[in-house]
């Protein structure tokens, strides 16, 4: 069973919103994305909640997050410069163990994705169109689980291949998954060579030196 709800102005909302504005997170954003290259977050968006359930979820396929919706399309797109998303972020608000539907992650898969996206140019492609190639390209990668405790935050490369999974535990899983928005799309050719770690990873995935 899956549910998602956007936070409004109810009790506790301010405390939740402050979670995205912690100085330690801002410092991490600067280190990964680059100072001045990301937009501050004032909310955590929707919360994907999962409850223990016998039925298999229908949204547990491997994917990367889309971040923009071209006119006439029904699936969100992404492109090689990760338009509209600087980082994939997972904010845990409950204990998440191995049986509590932790997000599955293919470690190192962000290096496999650039070659898949390269052929789609600036327009990019939808998650639906990309999925088969993403699954095949990252199939050799080891698996890890986004387990942790309330307050833990995973800051991930936007091209990290990940998936949901069934909830076989006993307690609900509460998690927020907002994007960190870029101030501008990532640049893969900088005259000054001042690439962020995220840009360096994209370039390495394309076979460039750094």
Item checked: the stretch 2-205 shape via C-alpha gyration tensor axes, a/c threshold 1.5 -> oblate
Item checked: Residue-averaged [θ]222 nm for the chain, counting only DSSP H segments that reach four residues, each worth -39500 (n - 2.57) -> -6000 deg cm²/dmol
Check: Expressed in nm², what is the orientationally averaged projection area of the convex hull enclosing the Cα positions of the stretch 167-210?
Finding: 5.4 nm²
Check: Can you list, bin by bin at 10 Å, the percent of alpha carbon pairs in the stretch 121-193, starting at 0?
Finding: 11, 36, 35, 16, 3, 0
Notebook entry, point to check: Any idea what angle helix 23-33 forms with the longest principal axis of the chain, computed on alpha-carbon atoms, 0 to 90 degrees, nearest 10?
Noted result: 30 degrees
Check: Where does helix 127-137 land angle-wise versus the long Cα axis of the chain, in degrees 0 to 90, nearest 10?
Finding: 80 degrees
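Each reported figure results from applying straightforward, stated rules to the coordinates on display, with no laboratory input. Just so you know, these numbers come straight off a predicted model, no measurement behind them.
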